[in-house]
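Reading through the structure tokens given below for one structure.
The values are calculated or read from the model by the stated rules, or taken from the named source; none is laboratory data. Being a predicted model, the structure only gives us computed values, none of them experimental. Note: ideal-geometry Cβ built from the backbone for every residue, glycine included; neighbour counts use all protein chains shown.
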Amino acid sequence: MTREFIASIEAEFGRYKALGEAAIDQLEVEDLNVTSVGENSITTLVWHISGNLKSRFTDFLTADGEKTWRDRDSEFQGRSASVAEVQEKWEDGWTTLLRTLEPLTDDDLSAEVSIRGVALTVPEALHRSLAHASYHVGQIVLIARSLRGGDWKFLSISPGGSAAYNRDPAYEKARDHAARVEST
């Protein structure tokens, strides 16, 4: 009963969680609620990521991933939130995900789950969710970086730092990268 695949998925989710947090931590409360034309605010993205993770990973192996109690459309409604509210919402979704992944084993990979009535294997559902979360975390990082401008603290290899990094690629594993981001 190994956990190799599940552990690699957990590590990648952890890396994106840490990247999102490191981006959000560089902002002031007013930055979290900024909306440009055609763009979601970071607060909106946090609400959406949280809603998606809670829906997909509540009763993951036994119930459809799109829960009847989820109101996806409301996640995209404009709102202002405090830093504490954003952090609480963020943690709520990620905690649901991580608590669900923790007991899974590679034996669970042969199970089938559904999302909106569409049957998926567990690996397909996990990859789908990981891609979805990373897409939106990337949006958060891009918005945060544009808001911080020259005060941005890079979360990966900084401009001009490739050669030094290539001499000592210390963060190639997702868990190591997440630990680095969390410590900055």
Next on the checklist: Against the conditions (1) part of a helix (DSSP H, G or I); (2) in contact (Cβ under 8 Å) with a residue 24 or more places away in the chain, where does SER80 fall short? Just the number, please.
Outcome noted: (1)
Checklist entry - Does SER129 qualify as being small (Gly, Ala, Ser), part of a helix (DSSP H, G or I) and within 20 Å of the chain's Cα centre (by Cα)? => result yes
Checklist entry - Among the helices (runs of 4 or more DSSP H) contained in the range 1-70, which hold 1 or more residues that are touching a residue at least 60 places away in the same chain (Cβ under 8 Å) and touching a Phe, Trp or Tyr at 6+ places or on another chain (Cβ under 6 Å)? => result 4-24, 42-57
Next on the checklist: When you check GLY93 against the structure, is it without any contact (Cβ under 8 Å) to a residue 60 or more places away in the chain and of a type outside the set (Asp, Glu), yes or no?
Outcome noted: yes
Next on the checklist: Would you confirm, using the coordinates I've provided, whether ALA164 is in contact with a helix residue (DSSP H, G or I) (Cβ under 7 Å, 6 or more places away or on another chain), assigned to a helix (DSSP H, G or I), at pLDDT below 95 and not acidic (Asp, Glu)?
Outcome noted: no
